[in-house]
1. Give the residue, chosen from 243, 262, that is among the β-branched types (Val, Ile, Thr) and in a loop (DSSP other than H, G, I, E, B).
2. Would you mind telling me which numbered condition in (1) in the same structural domain as residue 135 (by TED's automatic domain parsing); (2) within 22 Å of residue 277 (Cβ to Cβ); (3) surrounded by 24 or more Cβ atoms within 10 Å (Cβ to Cβ) residue 253 fails?
3. If you scan segment 410-419, which residues turn out to be surrounded by fewer than 17 Cβ atoms within 10 Å (Cβ to Cβ) and either assigned by TED's automatic domain parsing to the domain that holds residue 220 or of a type in the set (S, T, N, Q) (or both)?
4. Kindly state which strands (runs of 3 or more DSSP E) lie completely within segment 39-146 and contain at least 2 residues that are more than 22 Å from the chain's Cα centre (by Cα).
5. Do you know which of the residues in segment 379-402 that are more than 22 Å from residue 332 (Cα to Cα) and among the charged types (D, E, K, R) is nearest to the chain's Cα centre (by Cα)?
6. So residue 167 fits all but one of (1) surrounded by 22 or more Cβ atoms within 10 Å (Cβ to Cβ); (2) modelled with pLDDT of 95 or more; (3) farther than 28 Å from residue 108 by Cα; what number is the exception?
7. Among the candidates 62, 78, which residue alone is assigned by TED's automatic domain parsing to the domain that holds residue 214, under 19 Å from residue 169 (Cα atoms), buried (at least 18 other Cβ atoms within 10 Å of the Cβ) and of a type in the set (Asp, Glu)?
Amino acid sequence: MSVQINVKRLNSKDAGFKEILLSSLSLLMADDDAIDAAVVKILAAVKDQGDEAVLNFTKQFDRLNVSSVSELEIPRGDLELAYNSLSLEQKEALDIAAQRVRAYHEIQKIEAGCHSWEYKEQDDTRLGQKVTPLDRVGIYVPGGKAAYPSSVLMNAIPAKVAGVAEVIMVVPTPEGARNPLVLAAAYLAGVDRVFTIGGAQAVGALAYGTKTISSMDKIVGPGNAYVAAAKRRVFGTVGIDMIAGPSEILVLCDGSSNPDWIAMDLFSQAEHDEQAQSILLCPDAAFIEQVQVSINRLLPEMPRAQVIEASLTNRALLIQVKDMAEACEIANAIAAEHLEICARDARKWAEQIRHAGAIFMGNYTSESLGDYCAGPNHVLPTARTARFSSPLGVYDFIKRSSMIEVSEAGAQTLGAVASTLAHGEGLQAHARAAEMRLKK
């Protein structure tokens, strides 16, 4: 059995190709006036009414009718029970994934310079940097269309590796349905408190604080359009990781791969959401046609076939390019969240990539391995923001303070410089503060 989905085709030789391509790329989920207007009202209510607003919205959106927010907190003992209730296969998979994610971020903490340092100049002036973890971090875990234990690991583990003292997790549980894998992941990752709330109201509670929920220093984690809009709105009151858009995958293929593998890799992001985007760049027209045939043959096997079909029909692109070098140029313009290079000598082509959230090299490196257990973080920039931002990491949960200790001798040199520049800016008090420390 097969279906007939005609994924949109483009050719880099086509007139107006660049404009057509850029207009087809995913937009940020927060860019919707109606959603933003609704989020403004929700956040204002949470800021003003606290727990009461959280309860009202949780009843309205998740159909949970409780009398206090404390009833929406899951005791840590229940998280351990959820972990112990897993099958041996699930428990081992979660353990391995958590171990690999933790190991990667422990190394990242060292190699990415997430530590303090200092040096001394000849006149005994000391300069450096003090690195300290954030005190409190809130992590948002989606709980609507699917459950995401992997998101728990990817958000909570680097926070704990960074040394964050308190991690609070919020996860919507419509009609009270709790996913044991999500709770078990929270237990393994060391999450301190878990509340079964979601949506913009959860973001508001984490940002502003309520009687029951402490205000956070930063909020991280993916969510729907309402969550994305809420994170944008509370930025400045708290830090955020990024404004996420629909999930994306871009596959660069030279035609040497198994077309069934490529089709399934395109499915892997399409099944997230109807607005997710899957793109193939390939110089081999015959191979592109083989991938189209694979898509039609394999789709009926997918439990989420309806979502995949909507995503592929409305958002996917199969693009013929001149060669792999041009594919890399186009990939840099797209700046995709997930970039697979399924080709001979994949590392050679990876060297030409400047903009991508994560780069998966070689035919055996499916994007799904990165989503779950490879080790690097799967919270990645979307909607072309990989041009200027990075995956979530330990560095997102620390802050840097400049350390300056000027010696008496150093003050003589630096004071004169500061005085001259301050007078030039018309800031006499700045100048005098430096001059007072100069020897007469």
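1. So the residue among 243, 262 that is among the β-branched types (Val, Ile, Thr) and in a loop (DSSP other than H, G, I, E, B) is 243.
2. Checking residue 253 against (1) in the same structural domain as residue 135 (by TED's automatic domain parsing); (2) within 22 Å of residue 277 (Cβ to Cβ); (3) surrounded by 24 or more Cβ atoms within 10 Å (Cβ to Cβ), the one that fails is (1).
3. Once the filter is applied, which keeps residues that are surrounded by fewer than 17 Cβ atoms within 10 Å (Cβ to Cβ) and either assigned by TED's automatic domain parsing to the domain that holds residue 220 or of a type in the set (S, T, N, Q) (or both), segment 410-419 yields 412, 413.
4. In segment 39-146, 117-120, 126-133 are the strands (runs of 3 or more DSSP E) which contain 2 or more residues that are more than 22 Å from the chain's Cα centre (by Cα).
5. 396
6. Here residue 167 clears every test but (3).
7. So the residue among 62, 78 that is assigned by TED's automatic domain parsing to the domain that holds residue 214, under 19 Å from residue 169 (Cα atoms), buried (at least 18 other Cβ atoms within 10 Å of the Cβ) and of a type in the set (Asp, Glu) is 62.
Residue by residue, here is whether (1) more than 30 Å from residue 293 (Cα to Cα); (2) not in a strand (DSSP E or B) holds:
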residue: 178; (1), (2): yes, yes
residue: 185; (1), (2): yes, yes
residue: 191; (1), (2): yes, yes
residue: 194; (1), (2): yes, no
residue: 197; (1), (2): yes, yes
residue: 205; (1), (2): yes, yes
residue: 210; (1), (2): yes, yes
residue: 239; (1), (2): yes, no
residue: 256; (1), (2): no, yes
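The values are calculated or read from the model by the stated rules, or taken from the named source; none is laboratory data. Given the structure is predicted, the values throughout are model-derived calculations rather than measurements. Here Cβ is always computed from backbone atoms with ideal geometry, including for glycine, and neighbour counts include all displayed protein chains.
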